[in-house]
Amino acid sequence: EEEQEVADRSFWEKRGSVATVSMADSVLQLMKELDPELELKYNKFYIGVAKYNKPFNFVLFRPKVRFLRIEPKIQKSDEIEDMLDSAGLDVLEYDSRNQRYRIKLSQGDIGEHEALLKQILERAYREFNGYAPPV
């Protein structure tokens with residue numbers, strides 16, 4: 001019988017690093033200001049978000065060795081692009097198929113860009129919850 005590797009915190013700490021998984025914890029603390037019921041859910045291909053033990057993936061986390069990639073699910077917009085560009089964050093190409101921005105966060109980015117991250121996470125949370133984005 002082939003043994004399945006369990007996707008848990010230690011799996012991700014080995015796959016990424018202790019530091020980058022801790023960064024996901026820091027982002028979770030920002031998200032808990034929106035909704036205290038949110039928790040991280042460790043999956044094989046990403047760290048997701050759960051609410052009441054059910055998947056609630058308005059943002060995904062992909063810890064790497066040197067950075068944490070966060071992927072908020074937000075419709076692509078010039079406004080968001082401008083906010084990310086002017087902040088100087090490392091943004092990869094928009095994932096049109098899954099409607100996700102892909103942002104690489106390095107150590108220190110969460111504290112430095114806390115207000116922007118909160119704004120983006122709140123928008124992703126609202127869009128995921130079925131609220132139309134403000135026009």
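The values are calculated or read from the model by the stated rules, or taken from the named source; none is laboratory data. The structure displayed is predicted, hence computed values, not measured ones. Every residue, glycine among them, receives a Cβ derived from its backbone with ideal geometry; neighbour counts consider all protein chains shown. Surface areas here come from the heavy atoms of the whole protein model, side chains and all, with no ligands, DNA or RNA. Shrake-Rupley method; radii C 1.70, N 1.55, O 1.52, S 1.80 Å.
Values computed for the structure shown
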read-out	value
Flag for Glu5 being of a type in the set (D, E, K, R), open to solvent by 50 Å² or more (accessible area, probe 1.4 Å) and over 23 Å from Arg126 (Cβ atoms)	yes
Criterion (of a type outside the set (A, V, I, L, M, F, W, C) and touching an Asp or Glu at 6+ places or on another chain (Cβ under 8 Å)) met by exactly one of Lys51, Lys14	Lys51
Residues being touching a Ser or Thr at 6+ places or on another chain (Cβ under 9 Å) and closer than 17 Å to Arg62 by Cα - total across region 76-121	4
Number of the condition not met by Ile110 [criteria: (1) closer than 15 Å to Leu30 by Cβ; (2) touching a Pro at 6+ places or on another chain (Cβ under 9 Å); (3) in contact (Cβ under 8 Å) with a residue 40 or more places away in the chain; (4) open to solvent by less than 30 Å² (accessible area, probe 1.4 Å)]	(2)
Residue within region 22-36 that is in contact with a Phe, Trp or Tyr (Cβ under 7 Å, 6 or more places away or on another chain), modelled with pLDDT of 95 or more and more than 20 Å from Arg100 (Cβ to Cβ) present	no
Of residues in region 58-74 being outside any strand (DSSP E or B) and open to solvent by 30 Å² or more (accessible area, probe 1.4 Å), the one farthest from Lys104 (Cα to Cα)	Val65
Residue in region 101-132 that is farthest from the chain's Cα centre (by Cα), counting only those that are assigned to a loop (DSSP other than H, G, I, E, B) and among the small types (Gly, Ala, Ser)	Ala132
Hits in region 1-36 - residues which are of a type in the set (Asp, Glu) and more than 19 Å from Leu117 (Cα to Cα)	Glu1, Glu2, Glu3, Glu5, Asp8, Glu13
